[in-house]
Amino acid sequence: MNIDNYIKPELLVLIPVLYAVGAWVKASAIASKWIPLILGGVGVALAGLWVLATSDITGVKSAAEGLLTAVVQGVLCAAGAVYGNQLIKQAKKDE
């Protein structure tokens, strides 16, 4: 399995960024149950900025394609950040 088949290489940088955002949210007064949702929203927003910066949106079809790209890429990057956090957390457990 090659991660490049799912997440655009230019957006892989979002995974550590979202991991850091998750750590910041965890240290705040916000309940931990909201972290995946917050990371998903931030991931979609950042991926949306990337789509706007790199695409020629000339009509409804290209706008819909850009929106879908932003949502899918943002959610996948957020999932990567949460998965990375869980890998670290589970590796520290003594069983």
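The values are calculated or read from the model by the stated rules, or taken from the named source; none is laboratory data. The structure displayed is predicted, hence computed values, not measured ones. Positions of Cβ are backbone-derived with ideal geometry, glycine not excepted, and every protein chain shown enters the neighbour counts.
Return the pairs, sorted by first residue and then second, in which the second residue is among the hydroxyl-bearing types (S, T, Y) and outside any loop (DSSP other than H, G, I, E, B), the first residue lies in the range 1-27 and is farther than 11 Å from V82 by Cα, the beta carbons are less than 9 Å apart, and the residues are 6+ apart or on different chains.
Listed by first residue and then by second, the contacts come to K8/T69; E10/T54; V25/S32; K26/S32.
Working carefully through the options I7, I30, I38, find the one that is outside any helix (DSSP H, G or I) and touching a helix residue (DSSP H, G or I) at 6+ places or on another chain (Cβ under 6 Å).
Checking each option against the conditions leaves just I7.
Quick one: what pairs do we get from the range 38-49, first residue of a type outside the set (K, R), second outside any helix (DSSP H, G or I), C-beta under 8 Å, 6+ apart or different chains?
From the range 38-49, the pairs are I38/I30.
Within the range 1-52, restricting attention to residues that are more than 10 Å from C77 (Cβ to Cβ) and of a type in the set (D, E, K, R), which residue is surrounded by the fewest Cβ atoms within 10 Å (Cβ to Cβ)?
K33
For the range 41-72, enumerate the residues that are touching a Gly at 6+ places or on another chain (Cβ under 9 Å), of a type in the set (G, A, S) and part of a helix (DSSP H, G or I).
G41, G43, A45, A47, G48, G66, A70, listed by residue number.
Look at V75 and say whether it is without any contact (Cβ under 8 Å) to a residue 40 or more places away in the chain, touching a Ser or Thr at 6+ places or on another chain (Cβ under 8 Å) and either surrounded by 11 or more Cβ atoms within 10 Å (Cβ to Cβ) or part of a helix (DSSP H, G or I) (or both).
No.
Does the range 2-33 hold any residues that are at pLDDT 95 or above and among the aromatic types (F, W, Y), and which are they?
Y19, W24 - these are the residues of the range 2-33 that are at pLDDT 95 or above and among the aromatic types (F, W, Y).
Going through the range 67-85 one residue at a time, which ones are over 9 Å from the mean Cα position of the chain (by Cα) and not β-branched (V, I, T)?
L67, L68, A70, Y83, G84, N85, listed by residue number.
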